[in-house]
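Participant: Structure incoming, see below.
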């Protein structure tokens with residue numbers, strides 16, 4: 001009887017073993033969906049100065065190797081300025097959602113280090129027109145961009161406070177705040193540098 005039980009246990013273990021491995025093994029690659037506003041842009045994903053994927057036109061999806069190093073996303077479209085953002089590597093169990101805000105330099109917050117790193121699965125890049133018909137339209141565009149950024153930044157900070165469970169939570173919140181202020185300054189610089197069509 002004992003031998004029978006051991007044989008049955010061995011068979012069950014053999015049957016379950018492949019499925020058990022599948023539930024604990026994480027893939028070394030992942031997909032990143034890139035959207036631009038407006039669509040139809042060409043985007044290159046770069047890591048350490050090397051292009052690792054391209055999407056042309058947007059929206060589209062790229063497959064990349066997971067890594068500790070951040071990914072730069074650079075998008076271009078006729079009649080728009082080149083827009084870029086930094087997609088930080090995040091620990092799989094601490095996904096903070098989109099970290100590229102408004103298509104410029106995003107909040108770079110590292111969850112941890114190691115082979116289990118991944119990136120945000122979806123990114124939206126806002127392209128800035130190369131020129132505006134009037135000062136009013138320029139200001140409307142950048143006011144909306146600023147408002148969207150502040151909303152997304154608040155959501156990201158909330159996610160950090162809710163999901164962070166290590167001793168570095170305060171550092172991550174501070175890093176997000178510093179990045180937020182830097183981004184707000186960048187938006188204003190872009191506003192002042194934006195071209196207005198001559199009438």
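Participant: Quick test of your reading of the structure: residue 79 fulfils all but one of (1) loosely packed, with under 10 Cβ neighbours inside 10 Å; (2) modelled with pLDDT of 90 or more; (3) within 24 Å of the chain's Cα centre (by Cα). Name the failing condition by number.
Facilitator: Evaluating residue 79 over (1) loosely packed, with under 10 Cβ neighbours inside 10 Å; (2) modelled with pLDDT of 90 or more; (3) within 24 Å of the chain's Cα centre (by Cα) leaves (3) as the failure.
Participant: For the stretch 119-139, does any single residue satisfy the condition of being over 10 Å from the mean Cα position of the chain (by Cα), farther than 18 Å from residue 174 by Cα, surrounded by fewer than 17 Cβ atoms within 10 Å (Cβ to Cβ) and at pLDDT below 90?
Facilitator: Looking for residues that are over 10 Å from the mean Cα position of the chain (by Cα), farther than 18 Å from residue 174 by Cα, surrounded by fewer than 17 Cβ atoms within 10 Å (Cβ to Cβ) and at pLDDT below 90, one finds none in the stretch 119-139, hence no.
Participant: So, of the residues in the stretch 160-197 that are assigned to a loop (DSSP other than H, G, I, E, B) and touching a strand residue (DSSP E or B) at 6+ places or on another chain (Cβ under 9 Å), which turns out to be modelled with the highest pLDDT?
Facilitator: Looking at the filtered set, the residue picked out is 194.
Participant: Hey, any hits in the stretch 115-134 for a residue that's in a helix (DSSP H, G or I) and more than 23 Å from residue 33 (Cβ to Cβ)?
Facilitator: No, there is no match, as no residue in the stretch 115-134 is in a helix (DSSP H, G or I) and more than 23 Å from residue 33 (Cβ to Cβ).
Participant: Next question, about the same structure. When the stretch 28-59 is examined, which residues are found to be under 15 Å from residue 119 (Cβ atoms), part of a loop (DSSP other than H, G, I, E, B) and without any contact (Cβ under 8 Å) to a residue 60 or more places away in the chain?
Facilitator: 48 - this is the single residue of the stretch 28-59 that is under 15 Å from residue 119 (Cβ atoms), part of a loop (DSSP other than H, G, I, E, B) and without any contact (Cβ under 8 Å) to a residue 60 or more places away in the chain.
Participant: Within the stretch 56-73, is there a residue that is modelled with pLDDT under 70 and surrounded by fewer than 16 Cβ atoms within 10 Å (Cβ to Cβ)?
Facilitator: Taking every residue of the stretch 56-73 in turn, none turns out to be modelled with pLDDT under 70 and surrounded by fewer than 16 Cβ atoms within 10 Å (Cβ to Cβ).
The values are calculated or read from the model by the stated rules, or taken from the named source; none is laboratory data. Keep in mind that this is a model prediction, so the values were computed, not measured. Note that each Cβ is placed from the backbone with ideal geometry, even for glycine, and that neighbours are counted across all protein chains shown.
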